[in-house]
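The values are calculated or read from the model by the stated rules, or taken from the named source; none is laboratory data. This is a predicted model, so every value here is computed, not measured. Here the Cβ is made from the backbone with ideal geometry for all residues, glycine too, and neighbour counts use every protein chain on show. We work out accessible area using only protein heavy atoms, side chains counted, and drop any ligands, DNA or RNA first. Shrake-Rupley method; radii C 1.70, N 1.55, O 1.52, S 1.80 Å.
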Amino acid sequence: MRDAYVHGYDLREALRLQDQASTLVELLHSDTVYAAGSRVLEAGCGVGAQTVTLARNSPRARFTSIDIAASSLAEARSRTEAAGLRNVAFERADIYHLPYAPASFDHVFVCFVLEHLPRPGDALASLRQMIVPGGTITVIEGDHGSTYFHPDSAAARKAVQCQVELQRRAGGNANIGRSLYPLLCGAGYSAVSVSPRMVYVDASKPGLVDGFTRKTFTAMIAGVRSAALEAGLVEEREFDEGIRDLERTAETDGTFCYTFFKATGVRDDGV
């Protein structure tokens with residue numbers, strides 16, 4: 001499912017994902033609620049950073065959360081059990097070759113997965129077959145090209161671009177958020193709607209300063225340092241300067257902006 005997850009699967013990344021999920025709960029998930037009895041497929045659950053919120057928001061829906069990485073599934077299962085949630089079943093599966101009969105689910109939820117796939121359109125088409133006619137898909141992705149900050153810094157922008165390039169070389173697309181509308185339409189969904197969700201951070205929002213600017217975004221870029229240097233994308237001095245400048249945006253006179261995109265679509269026929 002994640003053919004080459006550029007961020008890795010270590011504890012540091014698991015913690016970063018949890019920080020991200022906790023910080024963005026209201027922004028990304030407040031309007032995702034499923035009716036009692038709904039069968040929901042969460043495709044690419046990872047370590048369960050989104051699963052806990054989904055299951056908690058819709059306690060009477062039934063979730064099947066899948067991922068290709070066994071270690072991630074184990075962590076996700078542990079998180080939901082610790083949260084006292086009993087409406088989630090975890091299974092190892094490949095998003096391109098799903099082991100379910102057509103129309104097995106009322107809804108599909110995909111968050112921060114398509115950006116890592118070499119064929120996101122094929123993945124969406126595969127998922128469409130799993131949905132009952134009239135059922136929906138919800139997709140959330142970021143777009144690193146939407147990043148801007150104060151004070152501006154060429155070195156910081158270069159460090160961000162290193163992450164974008166590494167993800168491209170791994171077969172993914174860190175700027176995929178802007179493409180959700182054509183991707184969903186191309187995969188056969190109807191009534192496609194896309195909502196941009198901007199994260200704007202300044203010193204008046206200390207929770208976002210720490211949870212998003214520092215622990216989510218800057219931590220993500222800092223995490224590709226070794227890979228960026230090994231690939232010859234940047235000089236060590238410039239990359240480290242870029243990370244310092246990203247950290248600088250979290251100070252009292254700094255600001256930071258990033259846009260996520262949340263899209264929905266409907267399977268409106270029996271094909």
Is the shape of the chain rounded, prolate or oblate, going by the alpha carbon gyration tensor and its root eigenvalues a ≥ b ≥ c, with a/c under 1.5 for rounded and a/b larger than b/c for prolate? prolate
Between ASP31 and ASP152, what length in nm is gained on full extension when 0.36 nm per residue of separation is reduced by their alpha carbon distance? 40.2 nm
Formal net charge of residues neighbouring TYR181 (Cβ-Cβ distance under 13 Å; K, R +1; D, E -1): 0
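What is the packing order of peptides 163-172, 257-266, 104-113, taking the mean over residues of other C-beta atoms within 10 Å and listing the highest first?
Working: 163-172: 18.1, 257-266: 20.2, 104-113: 23.1.
Ranked by mean Cβ neighbours within 10 Å, highest first: 104-113, 257-266, 163-172.
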Under unit Cβ charges (Lys, Arg +1; Asp, Glu -1), what dipole magnitude, rounded to 20 debye, does the chain have relative to its Cα centre? 700 debye
Only bridges with both residues in the stretch 38-139 count here: give the DSSP antiparallel percent, nearest 5. 5 percent
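Classify the stretch 28-85 as rounded, prolate or oblate, taking a ≥ b ≥ c as the square roots of the eigenvalues of its Cα gyration tensor: rounded when a/c is under 1.5, otherwise prolate if a/b is larger than b/c and oblate if not.
On the way: a/c = 1.81, a/b = 1.60, b/c = 1.13.
Note, shape of the stretch 28-85 comes out prolate.
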Tell me the Kirkwood hydrodynamic radius of the stretch 64-115 in angstroms, computed as one over the mean inverse distance between distinct C-alpha pairs. 12.3 Å
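Roughly how many debye, to the nearest 20, is the charge dipole of the stretch 123-245 about its Cα centre, given +1 on each Lys and Arg Cβ, -1 on each Asp and Glu Cβ, and no other charges? Intermediate values should be presented prior to the final figure.
On the way: 13 positive and 13 negative charges, 89 e Å.
In total the dipole reaches around 420 debye.
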Mind running the shape call on the stretch 114-175? Use the C-alpha gyration tensor, a ≥ b ≥ c as the square roots of the eigenvalues: rounded below 1.5 for a/c, prolate if a/b tops b/c, oblate otherwise. oblate
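Considering only DSSP beta bridges whose two residues both sit in the chain, what percent are antiparallel, to the nearest 5? Before the final figure, lay out the partial values.
Values: 21 of 40 bridges.
Among the beta bridges of the chain, antiparallel pairing accounts for roughly 50 percent.
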List the residues, sorted by chain then number, that are 5 or more residues from THR64 or on another chain and whose placed amide H is less than 5 Å from its amide H. VAL40, LEU41, GLU42, ALA89
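Between Rg and the Kirkwood Rh of the stretch 190-271, both from Cα atoms, what is the Rg to Rh ratio?
Details: Rg = 17.9 Å, Rh = 15.1 Å.
With Rg and the Kirkwood Rh in hand, the quotient comes to 1.18.
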Relative to the present Cα-Cα distance, how much length would full extension add between ASP269 and ASN57 at 0.36 nm per residue of separation? 73.5 nm
If packing is taken as the average count of other Cβ atoms within 10 Å, what order do 31-37, 94-100 fall into, highest mean first? 94-100, 31-37
The Rg/Rh figure for the stretch 223-265, Cα atoms and Kirkwood Rh, to two decimals is 1.17
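Roughly to the nearest percent, how much of the accessible area of the chain is carbon and sulfur, given a 1.4 Å probe?
Values: 5840 of 11370 Å².
Ligands and nucleic acids excluded, carbon and sulfur reach 51 percent.
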What accessible area per residue comes out for the chain, rounded to a whole number of Å², with a 1.4 Å probe? 42 Å²
Putting +1 on Lys and Arg Cβ atoms and -1 on Asp and Glu Cβ atoms, find which of GLY211, LEU229, GLY265 reaches farthest to the positive end of the dipole of the stretch 149-271. GLY265
Whole number please: convex hull volume per residue, Cα atoms of the stretch 79-220, in Å³. 151 Å³
Alpha carbons only, please: Rg and Dmax for the stretch 168-225, in angstrom. 15.8, 43
In terms of modelled amide H atoms, which long-range or inter-chain residues lie less than 5 Å from the amide H of MET130? ALA103
Sorted by packing (mean other beta-carbon atoms within 10 Å per residue), highest first, where do 214-220, 132-138 land? 214-220, 132-138
